[in-house]
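Student: Below is a structure I'd like to ask you about.
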Amino acid sequence: MSGIVSSLADNVALGDMNVAVAGLSSLLSFLVGAATSAILINWGRRRRLQSQYAMPLMLEASLLLIFGVLGSNLESHHVLFVPATVCLLCYVMGLQNAMITKVSKAEIRTTHVTGLVTDIGIELGKLFYWNVGAMPGNLVCGDRQKLKLLGSLLLSFLVGGLTGAVGFRHLGFASTVPLAIVLVTLAVVPIVDDVRGYRG
């Protein structure tokens, strides 16, 4: 979203309002996705549901399935100068980012790499900092577990991006269908458990 916001500002300054409105619609789609995720999670949390995180995941999976099946048709429809596919994907990214942010208690963001690489750099700086002459209570130490987690997330971004690009190149929009099915499979169990518990 950083790029979209800076592009939006740039295009407003240049007077290119069509592109600025397109950026705004992408930003708003992400924002509404994040808000939707928070609403679903908080609703589930208040009711002490096991599926509090599965609900936004199921919505995400369903939307990815729609994207995979109808993507080429959605591409021709526009929402404020942007293809509907862009708005849909921004909405899904907002859902995903908010869900993981809530699950991880704001430790992890899943839709941007900048913060991830920054955190890796910080941890590496702490890890390689030499504590010559430092008092025992003032030692700078890197968190190897956090570094491992951040590194695996960065690698996942890379592998996921590569897989998505190759998949889209060969299968088009349908390349998201297997991922959507996996996400549905992950989300359905806690939702079914909650439905059974509600009936029982």
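The values are calculated or read from the model by the stated rules, or taken from the named source; none is laboratory data. Just so you know, these numbers come straight off a predicted model, no measurement behind them. Backbone-built Cβ (ideal geometry, glycine too); neighbour counts: all protein chains shown.
Student: Regarding L63, is this residue within 14 Å of the chain's Cα centre (by Cα), closer than 16 Å to L183 by Cβ, surrounded by fewer than 21 Cβ atoms within 10 Å (Cβ to Cβ) and among the aliphatic types (A, V, I, L, M)?
Tutor: Yes.
Student: Then there's this: Look through L88, L179, L183 and report the one residue that is under 21 Å from E60 (Cα atoms) and under 13 Å from the mean Cα position of the chain (by Cα).
Tutor: On the way: L179 fails: under 13 Å from the mean Cα position of the chain (by Cα); L183 fails: under 13 Å from the mean Cα position of the chain (by Cα).
One residue alone meets the criteria, L88.
Student: In region 116-146, what count of residues is obtained for those that are surrounded by 13 or more Cβ atoms within 10 Å (Cβ to Cβ) and closer than 28 Å to P56 by Cβ?
Tutor: Quick first cut of region 116-146, residues surrounded by 13 or more Cβ atoms within 10 Å (Cβ to Cβ) only: 116-117, 119-120, 122-124, 126-127, 129, 142-143, 146.
Still in the running and closer than 28 Å to P56 by Cβ: 116-117, 119-120, 146.
Going through region 116-146 one residue at a time, the tally reaches 5.
Student: So which pairs qualify, if the first residue must be in region 68-91 and at positive phi, the second must be in a helix (DSSP H, G or I), the Cβ gap must be under 6 Å, and the two must be at least 6 apart or on different chains?
Tutor: Partner pairs satisfying both residue conditions: L80/V21; L80/S25; F81/N18; F81/V21; F81/A22.
Student: Still on this model: From L89, L64, L74, grab the single residue that is at pLDDT 90 or above and over 18 Å from M1 (Cα atoms).
Tutor: Working: L89 fails: over 18 Å from M1 (Cα atoms); L74 fails: at pLDDT 90 or above.
After applying the criteria, what remains is L64.
Student: Starting from region 1-17, keep only residues that are of a type in the set (G, A, S), then list their pairs with residues that are surrounded by 11 or more Cβ atoms within 10 Å (Cβ to Cβ) whose Cβ atoms are within a distance under 8 Å, requiring at least 6 positions of separation or different chains.
Tutor: That search, which allows pairs on different chains as well, returns S2/H112; S7/V19; S7/G23.
Student: Of a type in the set (A, V, I, L, M) and modelled with pLDDT of 75 or more: which single residue out of V79, V117 fits that description?
Tutor: After applying the criteria, what remains is V117.
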